[in-house]
Amino acid sequence: MNDNLMVSSSPHIRSKETVSGVMRDVVIALVPATVMGIVYFGVTAAIMVAVSILAAVLWETLYNKIAKKPNTVKDFSAVITGLLLALNMPALSFSEHPIAIFVMPIVGAGFAIVIAKQIFGGLGQNFINPALAGRAFLVASYPTLMTGAAFKATNFMAEAETYATPLASMKEGGSYGATLVQGLIGNTGGTIGETCAIALIVGGLYLIYKKVISWRIPVLYIGTVLVFTYILKLCGVEGAVSRDYTEIFFGGLMLGAFFMATDYASSPVTPLGQLIMGFGCGFITVLIRVFGGYPEGVSYSILLMNLCVPLIDRWTTPKKFGYVKPVKVKEVK
Amino acid sequence: MNLKTFKIGGIHPPEGKEATEKKPIEIIMPKEGALMVYPMSQHIGAPAVPIVQKGDRVLLGQKIAEAEAFMCSPIHASVSGTVKDIKPMLTPGGTMAQSVIVENDGLFEEDPSLGKNKDWQKLSKEEILDKIKNAGIVGLGGAGFPTHIKLNPPPTDKIDTIIVNAAECEPYLTSDHRVMLEKSDRLAMGLKIMLTLHPGAKGYIAIENNKPDAIEAMSEVCRKYDDISVVALLTKYPQGSEKQLIYAVTGREVKSGKLPASEGCIVDNVDTVLAVERACAQDRPLMRRIVTFTGDAVKNPGNYQVRIGMNINDFIEQVGGFAEEPAKIIAGGPMMGKAMFSTDVPFVKTSSALLCLTRKSAELPPESNCIRCGKCVGACPMGLMPLTLNQDALAGDMAAFEAHDGLDCIMCGSCSFTCPAKRHLAQTIIAFRGEVMASKRKK
Ligand code: SF4
Ligand code: SF4
């Protein structure tokens, strides 16, 4: 009787949660911001999002083929990288840059997937956020297209051909040039996915509710930006005096705090480590925004913190249950 | 109600208890002519030594193997009949062990000395411990630690708390639940007997709040005793793990590498406490135990009282067999139980359940790369980093494994359960932990 029993070691049951399920939740959470981006920036935004996702998926497939590895497209992580990359790019004007609209997402996705992710071993092994690496590569290769000057106005703004982002106006003119409401609903200059704070917060809360991410990184990140900006303001630091709480709704902060700094592979796994990650990102972001040459510091702050993650994880290993302080034995000479 | 639970980590696996939690305990007796197999190792420690010979007639309740070493426990016949052989036989754990084989004559003729000495109140502490030892009682939850040793820790550890582990946090298992409903008085009495060994100590019956009827039944009975109370716990796995349970009930943290007694606590399983009552107040040795027979392959899932030594195949046949062919049979619960190679083995003292799964529910998803989501870190009740330990184990790095506190793993499986990448975390960690401990012992 039944001699063919399966034998494996415990546990014999698993939760229903899967990698692709987790990643699908991230895609769902990004839908509101993507939709708003397309509403504000029109067809070009839609094209760039589509090209970027497609390119990321194709690069991943191609790499897996060449490296003779099983295709990992099914886990949805390449889709997320492509989407995040597009949301971090400005919508270019179709008439002026008909080629760049296609080339930039393809090049960016290639760098993100092949160099930043797969060369390091694929999903979970990459120590920097692939989408941000792709973006940084694009900034270096296409400085004029990726920064302020090329930004399109939203479909709901007055005539202007290009439009300075609120943070760029602050850097140059000492005022955001946009109201809090504009920041919340996203009617400001910026990259495709970063302008609508409400859409990003809704998506972020969904991820926290679904336990895909914890509150630690986003809350600490945004909180640190707020508090540190006020500290500098109250100290009368030149670049900070005219800033106020609306600061947190402008630029890439919401997108970065909820979706980029929380990237699993490039953020700490320990609870304390996640707090440090959030704090560090916030701190560096404010430093760059207030003192740096760039108006915006989110992507560089996250990339910088990414590099510290292995160290942070090592330092913040949780205290085990039943921990006893090791007794220091004094050396007797 | 103020619900207590343990400090860190933990998971909520699907309970799967609906099939059996309302089924009263049914008694299943071995048939005439059935061969009963009594392995000499049904506990932690040295094997017992047979004191009968091939051809001897033995009576129900007669001692057939003696505990000669300190860490050991005697074994009794659970039927009357003839000793057919003494030879190595397969055990549920998959290993071979020297066993006494008795053919059941179907008469169930009792050893006349049974039930003579029920007046446990008149006994001294030493005599009670001796009774427990001679009744062959060991931890029936699965560990098999001899109970008389657990109840008698070194005098430096002053015991002030005895906890009956009625959390039953493993999915599917319901036998403790049924005992609390059907034998509440005797369970409380068992705890009372244990408390007399440690004057001044308080007794607690710790029950998860997914068993409200058991909480009610036991609270009712406990009103008779001023030193016993029920503690309701917030349902969470692995609540029934000793260290976690002690924290939930007393707020004390058993230090790494230490035993519960170091924090003044003794924890015993429900069926074990019941066996103590049977040994002391009824003067009968350990001959039977209660098992949950369940899983989606089973025709009549239920809670059954079986004779230790009874063949599991015979048992399955007697209770109606399978509805569908099982692909995996687990001795114990799904989180920590052991998958069995064969069911042609006897029930032993530590057999707590038989969980029979169909192919559909036994199949496990394939493993993929760790995505560093940190969920295993959040689930580990010991505050370890399962993803790191998994890497250490796969790399075979014993020093790193020890430095990352791999030896503190309680083998609960929470990490594997939670992991979205379905990594075999607990599996590799537990196996490597065994290797590390073996190599340390050698040194
Ligand atoms: S099996 Fe070990 S490592 Fe995994 S959760 Fe349980 S105690 Fe932690
Ligand atoms: S739960 Fe699994 S995927 Fe997540 S960090 Fe742990 S091992 Fe990696």
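The values are calculated or read from the model by the stated rules, or taken from the named source; none is laboratory data. Since the structure is predicted, the reported quantities are computational estimates derived from the model, not experimental observations. Because the Cβ atoms are built from the backbone with ideal geometry, glycine has one as well, and the counts that use them run over all protein chains shown. Areas reflect the complete protein model, heavy atoms only, side chains present, ligands, DNA and RNA absent. Shrake-Rupley method; radii C 1.70, N 1.55, O 1.52, S 1.80 Å.
Taken one residue at a time, the phi angles of region A:93-109 give Karplus couplings (6.51, -1.76, 1.60, θ = phi - 60°) of 6, 4, 5, 7, 10, x, 8, 4, 4, 8, 5, 4, x, 5, 5, x, 5 Hz. Gly and Pro are set to x.
Measuring with a 1.4 angstrom probe and ignoring ligands and nucleic acids, A:F156 comes out at about 120 Å² accessible.
Remark: the B:E182-B:E26 segment gains 55.0 nm on full extension, using 0.36 nm per residue and subtracting the alpha carbon distance. Enumerate the residues in region A:10-45 having an amide nitrogen under 19 Å from the point lying 7 Å beyond the Cα of A:I106 toward its Cβ. Within reach of a label on A:I106: A:44-45. Subtracting the Cα-Cα distance of B:E103 and B:A403 from their residue separation scaled by 0.36 nm leaves 102.8 nm.
How large is the charge dipole for region B:120-281, taken about the Cα centre, if only the Cβ atoms of Lys, Arg (+1) and Asp, Glu (-1) carry charge, to the nearest 20 debye? Walk me through the numbers on the way to the answer.
Numbers: 20 positive and 22 negative charges, 64 e Å.
So the dipole magnitude of region B:120-281 works out to roughly 300 debye.
Cα centroid separation, region A:159-223 to region B:1-79: 64 Å.
With both labels modelled 7 Å from their Cα along Cα-to-Cβ, the A:F156 to B:D157 distance reads 6.8 nm.
For region B:307-313, the Karplus equation 6.51 cos²θ - 1.76 cosθ + 1.60, evaluated at θ = phi - 60°, returns couplings of 7, 4, x, 5, 5, 5, 4 Hz by residue, with Gly and Pro reported as x.
By its C-alpha gyration tensor, with a ≥ b ≥ c as the square roots of the eigenvalues, how is the protein assembly as shown shaped: rounded for a/c under 1.5, else prolate for a/b larger than b/c, else oblate? Prolate is the answer for the protein assembly as shown, as a/c is 1.5 or above and a/b outweighs b/c. Interface B-A: total buried accessible area of about 4300 Å², 1.4 Å probe, protein heavy atoms only. Split the accessible area of region A:1-78 by element, probe 1.4 Å, and carbon with sulfur accounts for 72%.
Accessible area per residue (1.4 Å probe, heavy atoms of protein chains only) ranks B:R252, B:R223 as B:R223, B:R252, with the largest value leading.
Legend: residue pairs B:K150/B:K338; B:K131/B:K243; A:K319/B:K202; B:K150/B:K202; B:K328/B:K349, Cα-Cα distance threshold 20 Å; pairs beyond threshold, B:K150/B:K338; B:K131/B:K243; A:K319/B:K202; B:K328/B:K349. Here is the list for region A:57-137: trypsin sites (Lys or Arg not before Pro) lying in DSSP coil, each with at most 13 other C-beta atoms within 10 angstrom of its C-beta, are A:K68. For B:S229, nonlocal amide neighbours, meaning residues 5 or more places apart or on other chains whose placed amide H falls under 5 Å from its own, are B:G203, B:Y204, B:I205.
Residues whose amide H falls under 5 Å from that of B:K328, counting only those 5 or more places apart or on a different chain, are A:M6, B:L357, with hydrogens built in the peptide plane. Based on the Cβ-Cβ distance of A:V7 and A:I198, what FRET efficiency does E = 1/(1 + (r/R0)^6) give at R0 = 56 Å, to the nearest 0.05? With a Förster radius of 56 Å, E is 0.55.
Per-residue 3J(HN,Hα) values for region B:185-192, derived from phi via the Karplus relation 6.51 cos²θ - 1.76 cosθ + 1.60 with θ = phi - 60°, read 4, 5, 5, 5, 5, x, 5, 4 Hz in sequence order (x marks Gly and Pro). Please work out whether region A:19-311 counts as rounded, prolate or oblate from its C-alpha gyration tensor, where a ≥ b ≥ c are the square roots of the eigenvalues and a/c under 1.5 means rounded, while otherwise a/b larger than b/c means prolate and anything else oblate? Oblate, since a/c reaches 1.5 and b/c is not below a/b. Using Cα centres only, tell me the gap between region A:49-81 and region B:250-316 in whole Å. The distance from the Cα centre of region A:49-81 to that of region B:250-316 comes to 53 Å. Taking 4.7 Å between C-beta atoms as the pairing limit, chain B has these partnerless cysteines: B:C72, B:C169, B:C222, B:C265, B:C280, B:C356, B:C370, B:C373, B:C380, B:C409, B:C412, B:C419.
With R₀ set to 30 Å, the beta-carbon distance separating B:L394 from B:D85 gives a calculated FRET efficiency near 0.10.
Could you state the number of Å between the C-alpha centres of region B:142-174 and region A:264-311? Distance between centres, Cα-based: 48 Å.
Rounded to the nearest 5, the antiparallel percentage of DSSP beta bridges internal to the protein assembly as shown is 60%.
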